[in-house]
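The values are calculated or read from the model by the stated rules, or taken from the named source; none is laboratory data. A quick note: this is a predicted structure, and the numbers were derived from the prediction, not measured. Please note: Cβ atoms are built from the backbone with ideal geometry, for glycine as well, and neighbour counts cover all protein chains shown.
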Amino acid sequence: MAGLTLMTGICPLLVCCFLEGFPGWGVSLAPVTTILATLSSCCLVVLACLIAQSIVSKFIFITIGVICGILLLVRIVSYSVYDRRNNDGREYTIYMHNVLDESHEFLIGVTGILFLGFEGLALDGHGQTGHNIRELVGCISFIICTFGVCLMFLEMTPPQWFAVHRHGSNEERTEGEQQIVCLTLILDCIMAVGIFVLLLVVMLKLTSPKVALWVLLPPAVSFGQLLVQVVLMENTEVEQESSPASLELTKATFTGFLAVSITTISSTSSSNLTGSFLLLSSMAIGFGLSWRLLSQANIRRGLSSCVSSAHVASAAKVASFCTHLCIVISTILFVAMACNASGK
C-alpha cells in the first residue's frame, strides 16, 4: 500500500513533465492529474488507516477513515461536476496560484513528517508499558494525518467560486485574492494548531506541566512581537517581499523529536537530558513553523491592514534566529544523549 501510494503521488508530476514535451498531442492535463491526485489522496487515507489499526481502536480508525473518504468523494464530485463545467471564463490569478502553492507545500511538509512519526509509533509495537500514552499520541497523529490529506486535496482542487473573470475589474481580483488568502490562512492554522496540540500532549505525558507549557512560547513570541512592533516602531510603507522559509530544518528536528519521544514512551523513563532535548526540539519546531508562516504571502496579505510587511519580515527574522538557536542547543543535547547511551 505504501508503494502504491508513492507511485500515485509521483505519477501526476511525471505525466505533467512528459506531456509538456509533446504539446501537439492536445492532451488536457487537468483530467489526468485530477484522477491521479484523487487516487493518491485516497491511498494516503487508506495507508493511514492500515497503520492506525495497530495503534488505535478499531472504531476510531474506521470512523475517521470513512469521514475522510466521504469528504474526498464529495470534493472530487463537486469539482468534476460543478467547478470544471461552470467556470464561465473564470480563472485563478498568478498571485492566487502562488498563495495556494505556498500553503500546499506547508501542508505537505507537516503531514509528511507526521506520517513518518505515525509509522514509527506503529513499528514500536504494542508493549504493555506505556500503551495508553502510545494510543493517545497515535490517535492524535492519525486524526491530523488524515485530515491533513483532505486539506491538501482541497488546495489541489480549489473551489471555483474564488476564481475571477479574465477581464474582471481590479476590485473583483482583489476580492478573490483576499478570499484565497483567508482560505489558506484557515487551513494552515488548522494544521499548525494540530501540530502544537500533538507536541503539547507528548510533553505533558513525558515531562511536568510547567515544562510542557513552554511549547506554547514560540508562537506567542513570534506573533506577539508583531503587536510590540506596531506599538513601539514606526510603521513603514515600504513593501518587503520574501520567499517562504524552508521546512527542511523543522522536518529534521521533528524527526529527532519523534524518535526520542517514541523511545521514551516505550521505556517510560525520562532523564533530565532527555527532557531538555524534548523541550528544546519542540521549541525549535514551534519557532520553525512560526518562521514559515510569517514568511508566507498569505500572512503578509492577511495582516496588511494592521501590520506592515516590514514588521512581518522582522518578526520572521526573529523566529528564524530562535529556530536555529534551539536547533543548535538540541543538537548538542542529542550528541550528549548518544554519548551517554554508548557509555562514553
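What are the pairs, 6+ residues apart or on separate chains, where a residue within segment 181-203 that is closer than 15 Å to F254 by Cα has its Cβ under 7 Å from a residue that is at pLDDT 90 or above and of a type in the set (S, T, Y)?
Within 7 Å, the pairs are L199/S282; M203/S282.
Quick check, is T274 among the polar types (S, T, N, Q), out of contact with any Phe, Trp or Tyr (no Cβ under 6 Å at 6 or more places or on another chain) and either at pLDDT 80 or above or under 21 Å from V215 (Cα atoms) (or both)?
Working: among the polar types (S, T, N, Q): yes; out of contact with any Phe, Trp or Tyr (no Cβ under 6 Å at 6 or more places or on another chain): yes; either at pLDDT 80 or above or under 21 Å from V215 (Cα atoms) (or both): yes.
When the stated conditions are applied, T274 passes them.
Would you be able to say whether some residue in segment 230-244 is at pLDDT below 90, of a type outside the set (V, I, T) and either under 17 Å from I133 (Cα atoms) or surrounded by 17 or more Cβ atoms within 10 Å (Cβ to Cβ) (or both)?
Just the residues of segment 230-244 that are at pLDDT below 90, to begin with: 230-244.
Okay, now just the ones that are also of a type outside the set (V, I, T), so 232-235, 237, 239-244.
Next cut, either under 17 Å from I133 (Cα atoms) or surrounded by 17 or more Cβ atoms within 10 Å (Cβ to Cβ) (or both) only: 244.
Yes, some residue in segment 230-244 is at pLDDT below 90, of a type outside the set (V, I, T) and either under 17 Å from I133 (Cα atoms) or surrounded by 17 or more Cβ atoms within 10 Å (Cβ to Cβ) (or both).
Check every one of the helices (runs of 4 or more DSSP H) wholly within segment 119-215 and list those with 1 or more residues that are touching a Lys or Arg at 6+ places or on another chain (Cβ under 8 Å), at pLDDT below 85 and closer than 23 Å to S276 by Cβ. Please lay out each step first, then the result.
Working: elements: 131-156, 170-206, 209-212.
Correct list: 131-156.
Under 6 Å between Cβ atoms, which residue pairs at least 6 apart in sequence (or on different chains) link something in segment 329-343 that is closer than 13 Å to T274 by Cβ and touching a residue at least 12 places away in the same chain (Cβ under 8 Å) with a partner that is buried (at least 17 other Cβ atoms within 10 Å of the Cβ) and not small (G, A, S)?
S330/F277; S330/L280; L333/F277; F334/F277
Quick check on segment 83-94. Is at least one of its residues modelled with pLDDT of 85 or more and on the phi < 0 side of the Ramachandran plot?
Going through segment 83-94, the residues modelled with pLDDT of 85 or more turn out to be 94.
Now restrict to residues that are on the phi < 0 side of the Ramachandran plot: 94.
Yes, because at least one residue in segment 83-94 is modelled with pLDDT of 85 or more and on the phi < 0 side of the Ramachandran plot.
Restricting attention to segment 90-108, which residues are within 15 Å of S243 (Cβ to Cβ) and touching a residue at least 60 places away in the same chain (Cβ under 8 Å)?
Y95, N98, V99, E102, S103, E105, F106
Inside segment 38-86, can you point out the residues that are touching a residue at least 24 places away in the same chain (Cβ under 8 Å), of a type in the set (D, E, K, R) and in a helix (DSSP H, G or I)?
If the condition is that a residue be touching a residue at least 24 places away in the same chain (Cβ under 8 Å), of a type in the set (D, E, K, R) and in a helix (DSSP H, G or I), then R75, D83 are the ones that fit.
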